[in-house]
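A short write-up of the structure that comes next.
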Amino acid sequence: MTKNLERYVRRARRLRDDRYVWAGCALVALGLALVSDLGPHRVWGVTAATGYAAAAVLARGGRSRPAARAVALAGAVVVPLVSSVAAGLGQLEVAVVERSGRLLLTTGSPYAADPAAVADVNPYLPGMAFFGVLPGDPRWWLGGAFVTALAAAGLCRTRLLALPPVALPVAVGGTDLPVVGLMCLGIVLAGQGRSGRAGLVLGVAAALKWTAWPALPVALALVAVRRGGHASARYVAVALSTATAAVLPFALSDPSGFCRSAVAFPLGLTDIASPAASPLPGHLLAVYAPGGRVIALALLAVGVLLLAVSLVVRPPGTARAAAARLALGLGVAMTLMPSTRFGYVVYPLVLGVLAYRMRQPRSTPAVPAPEVAAV
């Protein structure tokens, strides 16, 4: 009787927590629909708010958590994704990826020779153009790569996929999704001692966007602690050769287009202004403080230096610690970048969830990983 009562109390608490989560998500989605000046975001906000509200009602009514989460996922991801693709609505990123794919097929380079507007600029690394070469809307492939990577990392959870920072880019087009998914998988593989596979996965991520590059040294520190020098060398060789093979040919064949779009534009060094302008500290400094861009970049450099020092002084010994360290570092970087946007929150969010899911059970003490001597 006591066990049944405890089980009932735990189930009631979980349903109550889900009810509050979905109600909060409904408010966030509705708020976005009211304040955003982007059509795809407004459409998503209205549709997602309806789904979240229905999920909150289901949870409040004592229904099962899977049913409520399925409704939230349908309302926040499936319905807006299908309807947006059918109507041709999407973020600018979708058009940029499609255009880079066409340029790659027709000119051999994913970068425009002389970009005149934001839509002409491809700020991603060459690997991202692969999603524009594939048939159909890139959102299917971007989201599919994200879900596949999360599933391989053991992190494909309905609740995570239905949260606004994940559901919104899945529906309207977000190039950060496959990157963070591969980062999670690479960290998990590094924690398992599979240095070659970790290097391959993170090398692919590094060929998509610059935002994946911080994961390379974090995973290296993890591999070095758990497997020693030979495994570390293998990881570095595979990761760098993979990223180099995907990036270097285009950087050499079209250095002007590559530097202008993939280097100068993200740093704000071109005449074309980046639309990334969320009111975070780095952007506010760059816009309103005298010499603010230099100050923001200096603070960002300090943050990067502190992360590097922490990897040397106290390297992560588990995948959980590595994911948490990477989530913290990217969270700090997101707030200090001069050209930033709220969409980058998907990095610390997903990596933070990975760290949380990999925590040791409370009922059992943490068991240190066996030390493996360097050969």
GNM of the chain, Cα pairs under 10 angstrom: of A59, A215, A298, the biggest fluctuation goes to A298
Choice from H230, H41, H283 with maximal GNM fluctuation in the chain (Cα, 10 Å cutoff): H230
So, for the chain, what is the accessible surface per residue at a probe of 1.4 Å, expressed in square angstrom? 48 Å²
Extension gain, Y20 back to H230 (0.36 nm per residue minus Cα-Cα distance, nm): 70.7 nm
Ratio of Rg to Rh over the stretch 213-316 (Cα coordinates, Kirkwood Rh, two decimals): 1.07
Report the relative contact order of the chain, percent, no decimals, based on alpha-carbon pairs under 8 angstrom and at least 6 residues apart. 14 percent
FRET efficiency for A74 and R341, using Cβ-Cβ distance with R0 set to 35 Å, rounded to 0.05: 0.85
Over 38 Å apart: what share of the alpha carbon pairs of the chain falls there, rounded to a whole percent? 21 percent
So, with +1 on the Cβ of K and R and -1 on the Cβ of D and E, and no other charges, what is the size of the charge dipole of the chain about its Cα centre, to the nearest 20 debye? 2040 debye
Quickly work out the L267-to-A119 label distance, labels modelled 7 Å from Cα along the C-beta direction, and quote it in nm with one decimal. 2.9 nm
Across Y344, Y111, Y20, the residue with the highest GNM fluctuation in the chain (Cα network, 10 Å cutoff) is Y20
Added length on full extension, which subtracts the Cα-Cα distance from 0.36 nm per residue, T148 to A245: 32.6 nm
Axial C-alpha extent at least 30 Å, average Kyte-Doolittle at least 1.0 - helices from the chain (DSSP): 229-253, 292-313
Just to confirm my numbers, what's the Cα centroid distance between the stretch 225-242 and the stretch 137-212 in Å? 21 Å
The ratio Rg/Rh over the Cα atoms of the stretch 163-209, Rh being the Kirkwood inverse mean 1/r radius, stands at 1.08
Please work out the Kirkwood hydrodynamic radius for the stretch 91-244, using every pair of different C-alpha atoms, and report it in angstroms with one decimal place. 16.1 Å
Which of rounded, prolate or oblate describes the stretch 276-323 when judged by the alpha-carbon gyration tensor and an a/c cut-off of 1.5? oblate
Additional length obtainable on full extension of the chain from L38 to T107, 0.36 nm per residue less Cα span: 21.7 nm
For the stretch 119-124, Karplus couplings with θ = phi - 60° (6.51, -1.76, 1.60), whole Hz, Gly/Pro x: 5, 7, 8, 10, x, 9
Dipole of the stretch 149-281 (Lys/Arg Cβ +1, Asp/Glu Cβ -1, origin at the Cα centre): which of A198, G229, T211 lies farthest to the positive side? G229
Sequence-distant or interchain residues sharing an amide H contact under 5 Å with L38, placed H: which? none
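The values are calculated or read from the model by the stated rules, or taken from the named source; none is laboratory data. Keep in mind it's a predicted model, so treat the numbers as computed, not measured. A quick note on method: Cβ atoms are made from the backbone with ideal geometry, for glycine too, and the neighbour counts reach across all protein chains shown. All accessible areas refer to the heavy atoms of the entire protein, side chains included, with ligands and DNA or RNA removed. Shrake-Rupley method; radii C 1.70, N 1.55, O 1.52, S 1.80 Å.
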